[in-house]
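Read the structure below first, then the notes.
Coordinate-derived values only; no laboratory data. What you are looking at is a predicted structure, and each value in this text was computed from that prediction instead of being measured. No Cβ is skipped: glycine too gets one built from the backbone with ideal geometry, and neighbour counts run over all protein chains shown.
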Amino acid sequence: MIIPYLHINNIKLKFKIFCPVLSAIIFLVASMPASAQKTWSLTKCIDHAVNNNIDLSITRNNVETQQINLQESKAALFPDLNLGSQVNMNFGRNIDPNTNDVTFNQTMQNYYWVNSSVDIFRGLVKTNTIRFNSYLLAANREGALFAKNQLIFKILSSYYTVLYSSGLVDVARNQVSLSEKQIQRMEKFVEVGRESILTVQELESQHASDKLSLTRAENLYNKTLLELKQLLRLDAGTLFEIDTIARLPISPEPVPDVDSLYHEAVNTLPQIRQQQLLYQASVKDLAVAKGFISPRIFVTGGYSTNFFDGAEMTFSKQLENNQNQWVNMGISIPVFNNAMVHSKIKRKRIAVSNQQLKLEKERETLYTEIWKAVDALRSAENEYRSAVELNRFSKLSLKNMATKMEKGLAGTTDYDVAKQRYTSAQATLLKAKLIYIMRKQMLKFYRKGNWKHLYE
């Protein structure tokens, strides 16, 4: 009975020790940030950047500011309304308001008034100001979309750069693995007397060089990953890893025509619509300036009353007896304002011309970009096909060279040259593949005017 009792106590002791350790492990895992437990896909990076980018927040604030300007210009159509009160204390010689006689007594008067005014006609200045602010609001919204597209492109470029550097790390690791396997194979040949120990030493030197290449590739990967984290505004201590599963096979697609793609893009891209709206806004701004040449017809009206402390009537009775209402209608005709109005009109005409030139320049820039993008896609497709063939033949060449070295028909130098050629071919294929994917994404962007296809 002693042995079972000791066994049970031993189990209880182990359980008491294991429970706190297990609890600590569960707590640490639960307290780890989500970014440390999950990889980031391209769309997740984009969503995070769009929601946390400072420049985009500024553009949103600019849109809200212009919305306020539009509301203010609409409110200017309504009459204004003002309330007021004034107290006058007179000492020494003054006029008694009750008798209009000169008096030297201290007097006090209290005035109350309400007045309002409205423009009946002012050269459509207020109406054109509303349209001007409406165009500016729409232009700011398009500008916000343009800024968003630029940010997404930066994220896309940085993300694919990290994918490329990650692929280089994989290539370098494969080369280290090949070197280790070749060393093990040669060591067996040395044991049976088929190879010299010098061959193994040369392979070990190549293995050390491959490990150095791996270290450099890992450093490049960490650098590009850091740049992406900074673009996403993540903390330095945040564990971050991208989803390398996104490197999927690609299939060639027909290259679109430059002119047809341009006609699609010119009607969808926000930077073109922004310039069009800014041009329309400049036209309305010119109309506002011209409106100040025309006469201004206005109406004003009001109500007032007052109280005098020296009167025999009560406060309420005085307010009732001293009531005064008025309505005025007038016209103001600008004759000469030191050429300010005409000079402003001339400047606005120049602004309209400049905005039209900016719109034309933006269209030409877009056409040039699309032309280059289509040509770059063709080049990337051809380069990708060549890289696939180069990688296939380089891999076959390395395999044949390894067989020759085992048979004594080739030396370690020849094997190292073949291995380096295969390494270069792998890196070239990876780069060509990612560039080809990027070029295809750009053409889809020009066609749709946004990056929604990245979520498909």
At a 10 angstrom cut-off on C-beta neighbours, averaged per residue, how do the peptides 151-158, 280-287 rank from highest to lowest?
280-287, 151-158
How much length, in nm to one decimal, is gained on full extension between Ile293 and Glu72, taken as 0.36 nm per residue of separation minus their Cα-Cα distance?
77.3 nm
Of Tyr446, Gly193, Asn100, whose Cα points farthest to the positive end of the dipole of the chain (charges on the beta-carbon: +1 Lys, Arg; -1 Asp, Glu; origin at the Cα centre)?
Gly193
Which whole number of Å³ per residue matches the convex hull of the alpha-carbon atoms in the chain?
373 Å³
Per residue convex hull volume, Cα atoms of segment 312-456, in Å³
399 Å³
Lysine pairs in segment 360-456 with alpha-carbon atoms under 22 Å apart, 8 or more places apart or on different chains: how many are there?
25
FRET efficiency for Phe189 and Asp235 from the Cβ-Cβ distance with R0 = 60 Å, rounded to 0.05, comes out at 0.70
Label point 7 Å out from Ser117 along Cα-to-Cβ: which residues of segment 283-305 have amide N under 11 Å?
298-301
Give the relative contact order (percent, whole number) for the chain; include only Cα pairs under 8 Å separated by 6+ residues.
21 percent
R0 = 51 Å: FRET efficiency of Arg447 with Ile95, Cβ-based, nearest 0.05?
0.05
Measure of size requested: the Rg and Dmax of segment 105-240, with Cα atoms as the atom set and Å as the unit; please supply both.
36.5, 134
R0 = 41 Å: FRET efficiency of Ser57 with Lys181, Cβ-based, nearest 0.05?
0.15
